[in-house]
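Below is one structure, written out as structure tokens; comments come after it.
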Amino acid sequence: MRRNFRLRRLLSWALALLTALSLTACGGRGASGGEGAAGDLVYQDTLPLSYADQFAIYHYEGGYTLIDIFDSERLLVVPEGKPVPGGLDEDIVVIRQPLERLYLAATSAMALFDAMDALDAISFVGTRDWYTENAVRAMENGDFTYAGKYSAPDYEMLLDGDCSLAVESTMILHNPEVREKLIELGIPTMVERSSYESHPLGRTEWIKVYGALLGKEAEAEAVFNAEADKIRGLDGLADTGKTVAFFYVSSGGSVVTYKANGYVPAMIRIAGGNYIFSTLGLEDDSKLSSVNMTMEEFYASAASADIVIYNCSILSQLQTLEEFLALNPVLSDLKAVREGNVWCTTQSMFQQTDKMGTIIEEMNAIFTGAASERDMTYLFKLQ
């Protein structure tokens with residue numbers, strides 16, 4: 001039974017591919033030669049973006065939308081009941097609305113789906129560890145099915161479940177064979193690149209991509225504006241003069257921190273702090289946002305940092321200062337440790353892409369010494 005279903009699915013995909021190729025043979029680069037190259041469609045407008053620089057969204061007459069994820073996919077969203085236009089470039093991935101039965105392997109996107117009240121579009125997930133309340137409930141209720149992590153998805157389950165789109169994080173780039181296999185099986189795949197954004201609100205603005213996919217652009221705009229207003233309200237915050245180290249220790253013992261031009265250092269700056277690695281990675285042209293270094297290299301720069309924020313969103317959650325110091329004896333010599341200024345993120349922090357403004361507000365409370373006067377959700381002090 002499953003074998004017959006997969007065979008029908010593959011035949012269907014092959015026929016669709018042949019049709020797309022035949023259409024491409026008679027088409028050029030599209031409207032005005034530059035607005036997304038969406039074949040025979042008539043260009044209407046480009047969605048304005050405030051902070052994100054890793055994608056563009058183009059609108060066309062008839063309700064068609066093209067999402068251009070830079071250095072990655074271009075997805076043409078076809079409204080329900082509308083035909084696929086002719087003249088498409090062969091690399092364009094066609095997505096038909098209503099979009100259902102998604103496989104969400106990019107954990108940072110879950111909060112954005114939830115904020116738009118769009119969890120019902122997701123059927124399959126790439127982790128069991130969710131921190132968004134409604135996602136936790138969906139797992140418990142069986143609304144989400146675990147279909148394997150990003151690097152080892154259950155292809156048979158995704159095929160049998162008629163998965164309509166796999167949403168992957170940039171981690172999939174370390175396993176290109178998985179992405180190729182998904183495409184080979186006829187499962188459209190997109191790589192969300194919010195981790196490459198240089199501004200924290202750029203991450204939140206990725207909600208506009210999901211809004212375009214799901215026909216919820218108005219809802220996405222409302223969610224984004226509400227969070228953007230929080231950060232805009234922090235404009236002009238006085239520099240606290242506090243230097244801040246933000247990092248975690250990998251399972252192999254190396255220190256992982258962030259390039260100075262990434263979104264995490266930007267959060268620290270907006271909050272009134274000074275990222276201790278002020279020039280780290282600026283000469284590196286790669287798209288990676290993180291930097292690995294030895295503990296000795298880390299200590300050479302971070303020993304004098306006023307505040308340490310340990311990132312628990314990647315590995316296990318620390319609860320005490322003793323657990324932090326057990327990571328490496330060198331850490332006990334940090335100024336921030338001696339003065340009792342060691343803070344930790346919750347594991348949920350980087351899944352909360354719809355709460356970037358709130359997280360920055362909490363950072364500011366730490367830097368100004370006001371953290372004890374407010375309820376903290378995403379950061380806490382190690383005792």
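The values are calculated or read from the model by the stated rules, or taken from the named source; none is laboratory data. Since the model is a prediction, treat every value here as computed from it, not as a measurement. Here the Cβ positions follow ideal geometry from the backbone for every residue, glycine too, while neighbour counts run over all protein chains shown.
One table, with the values for the structure above:
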{"item": "Filter pass, THR257 being closer than 27 Å to LYS355 by Cα and of a type in the set (Ser, Thr, Tyr)", "result": "yes"}
{"item": "Residue in the stretch 153-160 that is hydroxyl-bearing (Ser, Thr, Tyr) and modelled with pLDDT under 95 present", "result": "no"}
{"item": "Filter result (of a type in the set (Phe, Trp, Tyr) and more than 22 Å from MET116 (Cα to Cα)) within the stretch 218-249", "result": "PHE246, PHE247, TYR248"}
{"item": "Count - residues of the stretch 362-383 that are outside any loop (DSSP other than H, G, I, E, B), in contact with a helix residue (DSSP H, G or I) (Cβ under 8 Å, 6 or more places away or on another chain) and more than 15 Å from ALA271 (Cβ to Cβ)", "result": "2"}
{"item": "Wholly enclosed helices (runs of 4 or more DSSP H) of the stretch 161-279 bearing at least 1 residues closer than 24 Å to TRP343 by Cα", "result": "200-204, 217-232, 263-270"}
{"item": "Test: ARG101 is of a type in the set (D, E, K, R) and on the phi > 0 side of the Ramachandran plot", "result": "yes"}
